[in-house]
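Presented below is the structure to which this report refers.
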Amino acid sequence: NSIWVSTDHDEIEKVAKQFGAQVHRRSPEVSQDSSTSLEAIREFLNHHHEVDIVGNIQATSPCLHPSDLIKVADLIQKEGFDSVFSVVRRHQFRWSEVKKGENKTTEPQNLNPAKRYRRQDWPGELYENGSFYFAKRHLIEKGYLQGGKMAYYEMRAEHSVDIDIDIDWPIAEQRVLSFGYFGKEPLKEVKLLACSIDGCLTNGRIYVTEDQKEMVSYDYRDIVGIDLLKKRGIQVRLVSERDCSKTLSAMQLGCVAKVSATNKLQVLEDWQKDMGLSWKEVAYLGNEESDVECLKKAGMSGVPADACAVAQKAAGYMCKSNGGCGAVREFAEHIFLLLEKVNSARKQ
């Protein structure tokens, strides 16, 4: 009936409202590092007596689809369950832990080694995946998110992504592109990659010789990335705030370029209109404050690892590579993942 974002952060509140959510401002008491989701939910219910059922969606599970939530709501509203939580089926053999110094041997927990079967022939076990917890008010007021007449909802393995530690991020990024929910509007192929030259294609450094000639360096991997994009039918265009015509001529990239650009967004809008593209068909790689509006407009946006803070906040993807050190190639691979998603959706 209503969608709320619980936060104590001004920027998160602003973004939540932009996407049509209502905002509950958390108190300092439930905004600590040690605060639990249950504490925040109970505080929310104290201010919203009209709410009978809460679906707590975990922000660390980015592959959740609306269709799953609709089915779970039906389990509570139509089938009378008091709480429903998400699980995923795992095919992992468990063994007892033996702590250092203990004179014990490990024991199997869920298999018989003498009759070991293939994992693909085994139905597996159900594990909580942390994606969501639905519960009725009376349970939450007692301090439970799970209780009463309980049911689990089994999610597909490819949708069960939980970001817990740093190494989970790259896995989540690829899973979202392959299996994530992108809204009701059909996915579009990227037709144009616009790239800021200084700080993306190059490392932003300018070397000046004694006879006052400028030199810049670039990474050959990025040139390969541009060639691969072209072979996939994606146009690559370059933009710079300074006049680097001689540098571009020397690099022989064969790309349309706009130099001495005082307004990058205007350049991008002109290209988008000239090519007859929707914004979902445009990708942009930038690194500076002057790129922020372009990053916000483009359907797919990225920044090198060493981009400025405001550019990082505006981008949808942050490369592991620095500008001029393979970031263009890396972002190209990111685009190719999206194209695989589009092709897969078409086949389905």
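The values are calculated or read from the model by the stated rules, or taken from the named source; none is laboratory data. Not measured: the values here are computed from a predicted model. These accessible areas exclude ligands, DNA and RNA; they are computed on the full protein's heavy atoms, side chains included. Shrake-Rupley method; radii C 1.70, N 1.55, O 1.52, S 1.80 Å.
The range 192-346: D in µm²/s via Stokes-Einstein (Kirkwood Rh, Cα pairs, 4 °C, 1.567 mPa s)?
Values: Rh = 15.5 Å.
Answer, rounded: 84 µm²/s.
The 3J(HN,Hα) values that the Karplus relation (6.51, -1.76, 1.60; θ = phi - 60°) gives for the range 128-143 are, in residue order, 4, 10, x, 6, 7, 9, 9, 7, 7, 3, 4, 6, 5, 5, 7, x Hz. Gly and Pro appear as x.
Specify the residue with the greatest mean-square fluctuation among Val72, Val23, Val292, computed from a Gaussian network of the chain linking alpha-carbon atoms under 10 Å apart. Of the options given, Val23 has the highest mean-square fluctuation.
Protein heavy-atom accessible surface, 1.4 Å probe, per residue over the range 192-346: 49 Å².
Which pairs in the list Lys142/Lys184; Lys258/Lys297; Lys100/Lys320; Lys17/Lys142; Lys14/Lys184 are over 29 Å apart, alpha-carbon to alpha-carbon?
Numbers: Lys142/Lys184 38 Å; Lys258/Lys297 18 Å; Lys100/Lys320 37 Å; Lys17/Lys142 31 Å; Lys14/Lys184 23 Å.
Pairs exceeding 29 Å: Lys142/Lys184; Lys100/Lys320; Lys17/Lys142.
Relative to the present Cα-Cα distance, how much length would full extension add between Val224 and Asn112 at 0.36 nm per residue of separation?
On the way: separation 112, 0.36 × 112 = 40.32 nm, distance 5.17 nm.
Value of the extension gain: 35.2 nm.
Sorted largest first by accessible area at a 1.4 angstrom probe radius, with every protein chain in place, the residues His65, His49, His91 fall in the order His49, His91, His65. Working note: 222 nm ellipticity from helices only, DSSP H runs with n ≥ 4, each -39,500 (n - 2.57), summed and divided by the residues of the chain, gives -9500 deg cm²/dmol to the nearest 500.
Between the C-alpha center of the range 255-330 and that of the range 105-164 there is a gap of 41 Å. What a 1.4 Å probe finds exposed on the chain is 48% carbon and sulfur by accessible area, rounded to a whole percent.
Its Kirkwood hydrodynamic radius, worked out from the mean inverse distance over all distinct Cα pairs, puts the range 173-253 at 15.2 Å.
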